[in-house]
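**Student:** This is the structure I have questions about; it appears just below.
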């Protein structure tokens with residue numbers, strides 16, 4: 001890394017659930033600064049998720065995200081003229097970022113004709129049950145790291 005690292009911003013908890021996880025997830029979902037729209041979508045999806053999972057909505061959301069968080073990933077490293085895919089542990093902040101991104105990406109791709117919050121709730125429910133395309137993505141990343149375990153010495 002070159003230059004100075006930017007300091008991490010403190011994220012304020014949301015008004016309804018008093019949770020920073022909900023705020024961060026909302027920020028990942030937001031397009032063009034439309035925070036209120038993103039907030040409404042997340043709240044609707046969380047309410048439906050809470051009902052289906054028979055848990056408080058925040059707990060259900062956190063469980064869904066934790067089920068998608070990757071523990072290891074592969075990074076490309078150049079050693080002696082060759083590029084190796086080296087498995088490295090994923091930092092906590094990046095785990096949340098990747099999990100959120102994969103869930104939102106899966107919800108956007110599997111949308112269909114219905115409203116987006118329904119698609120997001122469906123994807124969160126799949127993540128809660130440890131199935132769906134976001135969990136498949138996590139498993140794919142884990143398998144890649146497992147396959148390249150021989151290059152772990154280059155980390």
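**Student:** Taking the 0 to 90 degree range and rounding to the nearest ten, how far is the long axis of helix 92-109 tilted relative to the main principal axis of the chain, both from C-alpha atoms?
**Tutor:** 60 degrees
**Student:** Run the numbers on the range 86-155 and let me know its relative contact order in percent, using alpha-carbon pairs under 8 Å that are six or more apart.
**Tutor:** So the answer I get is 50 percent.
**Student:** Residue 79 to residue 139: FRET efficiency via 1/(1 + (r/R0)^6), r the Cβ-Cβ distance, R0 25 Å, to the nearest 0.05?
**Tutor:** 0.35
**Student:** Once you have the Cα-Cα distance between residue 71 and residue 27, take 0.36 nm times their residue separation minus that, and quote the gain in nm to one decimal.
**Tutor:** Contour length minus Cα-Cα distance gives 13.6 nm.
**Student:** Calculate I(q)/I(0) for the range 44-121 by the Debye formula, one identical point scatterer on each C-alpha and no solvent, and give its log10 at q = 0.11, 0.27 Å⁻¹ to two decimals.
**Tutor:** -0.42, -1.20
**Student:** Let me ask another. At what distance in nm do the modelled label points of residue 18 and residue 4 sit from each other, each positioned 7 Å from its Cα along Cα→Cβ?
**Tutor:** 3.6 nm
**Student:** Can you give the relative contact order of the chain as a percent, counting alpha carbon pairs under 8 Å and 6+ residues apart?
**Tutor:** Here the relative contact order equals 24 percent.
**Student:** Continuing with this model, one more query. Mean residue ellipticity at 222 nm from the helices of the chain, using -39,500 (n - 2.57) per DSSP H segment of n ≥ 4 over the full residue count, to the nearest 500 deg cm²/dmol?
**Tutor:** That comes out to -18000 deg cm²/dmol.
**Student:** Please give the helix 133-147 orientation as an angle from the longest Cα principal axis of the chain, in degrees from 0 to 90, rounded to the nearest 10.
**Tutor:** Result, in degrees: 10.
**Student:** Quick check: the angle from helix 116-128's long axis to the longest principal axis of the chain, C-alpha only, nearest 10 degrees?
**Tutor:** Computed tilt is about 60 degrees.
Here, each number is a calculation from the coordinates, and none is a lab measurement. If you're wondering where the values come from, they're calculated on a predicted model, not measured in any experiment. Cβ coordinates were reconstructed from backbone atoms using ideal geometry, including for glycine residues, and neighbour counts include every protein chain displayed.
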